[in-house]
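The structure appears right after this line, and notes come after that.
The values are calculated or read from the model by the stated rules, or taken from the named source; none is laboratory data. Keep in mind that what you see is a predicted model, and the values were worked out from it rather than measured. Glycine also receives a Cβ, built like all others from the backbone with ideal geometry; neighbour counts cover every protein chain displayed. When the accessible area is computed, the model is the full protein with side chains, heavy atoms only, and any ligands, DNA or RNA have been set aside. Shrake-Rupley method; radii C 1.70, N 1.55, O 1.52, S 1.80 Å.
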Amino acid sequence: MPDPHVSGLSVPELLELDRRHVWHPYGPMPGRQEPLVVESASGVRLRLAGTGTELIDGMSSWWSAIHGYNHPALNEAARDQLGRMSHVMFGGLTHEPAVRLAKRLVDMSPEGLEHVFLADSGSVSVEVAVKMCLQHWRSLGRPGKQRLLTWRGGYHGDTWQPMSVCDPEGGMHELWQGVLQRQVFADPPPVAYEESYADQLRELIERHADELAAVIVEPVVQGAGGMRFHSPAYLRVLREACDAHDVLLVFDEIATGFGRTGTLFAAEHAGVTPDVMCVGKALTGGYMTMAATLCTARVADGISRGEVPVLAHGPTFMGNPLAAAVACASIDLLLGQGWQTEVKRVETGLREGLAPAAELPGVRDVRVLGAIGVVQLDHEIDMSAATRAAVREGVWLRPFRDLVYTMPPYVTGDADLARITAAVCAAAREG
Ligand SMILES: *Cc1c(COP(=O)(O)O)cnc(C)c1O
C-alpha cells in the first residue's frame, strides 16, 4: 500500500528520486547526504514522513519562520488573498497588498528610508541595491564610482554581485576568484570597538572614495559568513566616513531584520540610517519568497536625474500579492504581540541553555544575541554526526564549518528552547 503521507511515493522511493533529480542547497549531484523528508510542519515542529517523528525546529527555516509554521493568521491572510488573486504583473498595475506592505516597511524601518523595491529573493534585493548605488553615481556624472567596499566574513547571497562581497576566503564562493568583480575588503570587524579598526575603515573609504559606489555590510551580526557579532559603533564610523567621502551605505538586514537581534532592525543598535537597506528571510514569516530593497529620497532622486532616469529592474513576480499579503500579516503579528518581550525571553533561554557548552572540550566560543545562539568549535564539524546528535535530541539543526547555532522561532516555548539548547550542546559534543 502506498504511503498516504507522500502522495503515492514511499519514503525510500521519494529519497531515491530526490537523490537522482533534485538539487539541494550547496549540494552535489547526485546527492550524497540523505535529507530528511518533511511531511508537514506546525507551531515549532517539523513532522517527518513515514515515521511521524517530530523535530523541534531550531533553524526557523534559515531565519525566516519567526512565528512558527502553519500559523492561523498567516494561513488566513494567504487564503483570503488566494480568493482574490495570487498574482498579477506589477508593470502598469498595482494592488493593495504591495502598497500596504511598502507603507508598513517605510513606517517601521529607520527614519529616512522612503522608497521600496519589492524583489523575489534576498540575493535579488542585494543585486537591486547594488544597481541603485552604481546608477545613482552614474546619473550624477560619476560613473567611475562602481566598486563596493565590505568587511571580510560577510555573506550577501549567491548571485554574482552579492557573491563578490561575500568573504573571499573560506567562503562558499572561493572558487570564483578571478571571475567575480574585485571589491575592496577590510579585515573582519572585531567583536569589541577598537579605534585602530575604525581607522582602517576610515582609511580604506577615503583611499578608494573615487571608485567606491557604496559600502555594504551586514549590521551587527554576520550570518552565513560565520555567525560573528561586532560592535554597533562601527556602523556609526561607516556612516560618518561614507558621508565625508560621497559613498553610499547599504545595510543588508536580510538575516537581522524583524527583531532577530533584539531591535526591529540591527541598524537601530547604532541609531544609523543607511542609504539603502535590504530585507528578506523573515519578511513573509517564512511562508513565501519575497525580499525588499528600501532607499532614501536622495538615492532615488539621484537616479531620477540621470540620462536614463529609471531603475531598469522588474522581476516577473515583482510585488507578488500572495507573498505581500502574508508579509503584511506577519508584520502585524510581530508588532502586535510584544515581540521584544518574546525575543528577550528567547535570548535568556539561549544564554542559560548554552552556558554549559563553554565547558565542553573543543568549544572555542559561545555567544548569544537576541534570538541567535552560537557555539563555535576549534575544529571543522562533522556535519552528519552533529546533525544526528541533534535529531536524537528531537531537534532540527543545520551546523556548518566550525559552527553549531540556532535561531529559533520567537514563539518557541521555554521547554522547547531547553531542548534546542541541549541539542546544540549534544551536536557540539559529537560533531
Ligand atoms: C540569506 C541572505 C541573503 C540571500 O538571500 P536569499 O533569499 O537566500 O537569496 C543575503 N544576505 C544575507 C545577510 C542573508 O542572510
Q) Could you list, bin by bin from short to long, the percent of Cα-Cα pairs of the stretch 208-351 in 10 Å steps? A) 10, 33, 36, 17, 3, 0
Q: For the stretch 31-77 and the stretch 259-315, compute the distance between their C-alpha centroids and round to whole Å.
A: 28 Å
**Q.** Once the Cα gyration tensor of the stretch 296-419 is diagonalised, semi-axes √(5λ) in Å
**A.** 39, 21, 16
Q) What are the residues whose amide H is under 5 Å from the amide H of residue 186, where those residues sit 5 or more places off or on another chain and H is modelled from the backbone? A) 150, 151, 152
Q: Determine how large the accessible area of residue 230 is when every protein chain is in place; take a 1.4 Å probe and give Å² rounded to the nearest 10.
A: 10 Å²
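Taking the Cα centre of the chain as origin, sum charge times position over the Cβ atoms of Lys and Arg (+1) and Asp and Glu (-1), and report the length of that vector in debye to the nearest 20.
Using only the charged Cβ atoms, the result is roughly 520 debye.
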Q. Using a 1.4 angstrom probe and counting only protein chains, how large is the accessible area of residue 139 in Å², to 10?
A. 30 Å²
Q | Calculated P(r) tail over 18 Å for the stretch 25-143, as whole % of Cα pairs | A | 73 percent
Q | For residue 38, solvent-accessible area (1.4 Å; no DNA, RNA or ligand), Å² | A | 80 Å²
Q) What FRET efficiency do you get for residue 388 and residue 209 if R0 is 51 Å and r is their Cβ-Cβ distance, rounded to the nearest 0.05? A) 0.50
Q. Starting at 0 and stepping by 10 Å, how many percent of the alpha carbon pairs of the stretch 304-366 end up in each bin?
A. 16, 19, 20, 21, 18, 6, 0
Q.
Normalised radius of gyration for the stretch 2-63, please: alpha carbon Rg relative to 2.2 N^0.38 Å, two decimal places.
A. 1.19
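Can you send over the carbon and sulfur percentage of the accessible area for the chain, probe radius 1.4 Å, protein chains only?
For the chain, the apolar C and S fraction of the accessible surface comes to 54 percent.
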Q: Starting from the coordinates of the alpha-carbon atoms of the stretch 112-218, obtain the Kirkwood hydrodynamic radius over all distinct pairs and give the value in Å to one decimal.
A: 14.7 Å
Q: Would you mind checking which residues have amide H under 5 Å from residue 156's amide H? H placed 1.01 Å from N; only 5 or more apart, or other chain.
A: 166
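Under the rule of -39500 (n - 2.57) per DSSP H run of 4 or more residues, summed and divided by the residues of the chain, what mean residue ellipticity at 222 nm is obtained, to the nearest 500 deg cm²/dmol?
-11000 deg cm²/dmol, from helical runs alone.
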Q: Keeping all protein chains in place, calculate the accessible area per residue for the chain (probe 1.4 angstrom), answer in Å².
A: 43 Å²
Q. Got a sec? What order do 42, 384 fall in by accessible area at 1.4 Å, biggest, i.e. largest, first?
A. 42, 384
Q: Just the number, please: Stokes-Einstein D of the stretch 89-142 in µm²/s, Kirkwood Rh from C-alpha pairs, 4 °C, 1.567 mPa s.
A: 100 µm²/s
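At a temperature of 10 °C and a viscosity of 1.306 mPa s, determine how fast the chain diffuses translationally according to Stokes-Einstein, using the Kirkwood radius over alpha-carbon pairs as Rh; express D in µm²/s, rounded to the nearest whole number. Provide the component values of the computation, followed by the final result.
Values: Rh = 22.5 Å.
Translational diffusion coefficient: 71 µm²/s.
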Q: Only loop residues by DSSP count here, and only those with at most 16 other Cβ atoms within 10 Å; note down the trypsin sites (Lys or Arg not before Pro) in the stretch 212-320 that meet that.
A: 305
(Q) Using the Cα atoms of the stretch 205-272, I'd like the radius of gyration and the largest Cα-Cα distance, Dmax, both in angstrom. (A) 12.3, 36
(Q) Can you order the peptides 414-421, 113-120, 357-364 by their average number of other Cβ atoms within 10 Å per residue, highest first? (A) 113-120, 414-421, 357-364
Q) What lysines could a cross-link reach from residue 131, if we take a straight Cα to Cα line under 19 Å and drop same-chain neighbours fewer than 8 places away? A) 145
